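Below is one structure, written out as structure tokens, with a few remarks after it.
Every number here is computed from the coordinates shown, using simple stated rules; none is lab data. Predicted model, so just to flag it, every value in this text is computed and none were measured. Cβ: placed from backbone, ideal geometry, glycine included. Neighbour counts: every protein chain shown.
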Amino acid sequence: MGLLDGRNAIIFGLANERSIAWGITQAFHREGATLGISYAGETLERRVRPLAGQVASKWVQECDVTRDDQIAAAAESAEKSFGKIDVLVHSIAFAGREELTGPFYNTSREGFKNALDISVFSFIALAKAFQPLLNPGASLMCLTYYGSVKVAPHYNVMGVAKAALESSTRYLAYDFGPQKIRVNAISAGPIRTLAAAGVGGFRDMYKHFADMSPMRENVTIEDVGNAAVFLASDLSRHITGEVLYVDSGFNTVGVQMNPREETKE
Ligand code: NAP
């Protein structure tokens, strides 16, 4: 018996086998979900189709979330394939490379709009478009990062976008609550993916994280996938509007000491 047997789950934001969306897709597959996968655009199709084949995805659909017509088309075709949906995962973010290095005050108006449109508004738009398809007990989730609540140098406008995404999660949870539909966010520690490669100083941040987190370990897309199974399943039946940290405890530490200095005493 899988934890997601009999559930239809669709996942937005698969780019390649390093994507967090891939960790989630594999974990859902292991737990028996019937899967649907959406990707951003034609250039990704070549990489996404073979991955979708590995998990017998029933639905593979292009959807550029900046396009209302593509969001509507995705909902329409998902309804034809699945009828109803039980789980929707938003694993999408974008900010121009020039916005992710140097001082935050250099954020451009266009860069701000793009980052918030693609990384935040799209979650609201997908929730609205798929609302008629959602079964009672359904679970929606998105991916966020600690740069929403504390400064992570270079993360800049993405930190602001993630703060808005976490707030949107709470407002959506309030709206969908009466239908017994839950909305949560997973805040993952740094993981080497395509999106992460665009963040200035990511390598250092990744290493610092492993040195400084209580568990002294980076997290993997498999860890995030397992947390997503929890949020997608009845195990989290009355949990909504929350941000679940999958970060080896990094966010719990206020003053970070060099671990080598600590062991000297
Ligand atoms: P990823 O593999 O690059 O996934 C990001 C996805 O967003 C890609 O599939 C990307 O497609 C898609 N996307 C961008 N613009 C889009 C658009 N207009 N329409 C539809 N899709 C679009 O990187 P990832 O790290 O797994 O990111 C997934 C989520 O996890 C993001 O929300 C990210 O902020 C979050 N997160 C990542 C980390 C980390 O350290 N990696 C930590 C915490 C949270 P394209 O490749 O075509 O742009």
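Summary table below
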read-out: Packing rank of 71-83, 114-126, where each peptide gets the mean count of other beta carbons within 10 Å, highest leading; value: 114-126, 71-83
read-out: Point-charge dipole on Cβ atoms (K/R +1, D/E -1) for the range 120-265, about Cα centre, debye to 20; value: 340
read-out: Segments 165-172, 32-39 sorted - mean Cβ within 10 Å per residue, highest first; value: 32-39, 165-172
read-out: Alpha-carbon centroid distance for the pair the range 168-191 / the range 83-151, whole angstrom; value: 12
read-out: Exceeding the 27 Å Cα-Cα cut-off - candidates LYS162/LYS207; LYS84/LYS150; LYS80/LYS180; LYS128/LYS162; LYS80/LYS128; LYS84/LYS162; value: LYS84/LYS150; LYS84/LYS162
read-out: Karplus-derived 3J(HN,Hα), 6.51/-1.76/1.60, for each residue of the range 11-19, Hz, glycine and proline x; value: 10, 9, x, 7, 10, 7, 6, 8, 4
read-out: Given charges at beta-carbon only (K, R positive; D, E negative), |dipole| of the chain in Debye; value: 100
read-out: In the range 195-242, trypsin sites (Lys or Arg not before Pro) in a DSSP loop with at most 14 other beta-carbon atoms within 10 Å; value: ARG216, ARG237
read-out: Loop-resident sites, the range 84-118, for trypsin sites (Lys or Arg not before Pro), counting at most 16 other Cβ within 10 Å (DSSP); value: LYS84
read-out: In degrees, nearest ten, helix 221-232 long axis to first principal axis of the chain (Cα); value: 50
read-out: Cβ-based exposure ranking for HIS238, HIS208, in which fewest neighbours within 10 Å come first; value: HIS238, HIS208
read-out: Amide H within-cut-off set for LEU244, under 5 Å, with H built and near neighbours excluded; value: ALA185, ILE186, SER187
read-out: Table column - 3J(HN,Hα) (Hz), the range 140-151, Karplus curve with 6.51, -1.76, 1.60, x for Gly and Pro; value: 10, 8, 9, 10, 10, 9, 3, x, 6, 10, 10, 6
read-out: Rounded to 10°, Cα long-axis angle of helix 20-30 versus longest principal axis of the chain; value: 50
read-out: Helix axis angle, 202-212 relative to the chain longest principal axis, alpha carbon, degrees; value: 70
read-out: Volume per residue that the Cα convex hull of the chain spans, once the total is divided by residue count, Å³; value: 132
read-out: Packing-based order for 133-142, 243-252, 7-16, 99-108, using average beta carbon neighbours within 10 Å, highest first; value: 7-16, 133-142, 243-252, 99-108
read-out: For the range 105-225, alpha-carbon Rg and Dmax in angstrom; value: 15.9, 46
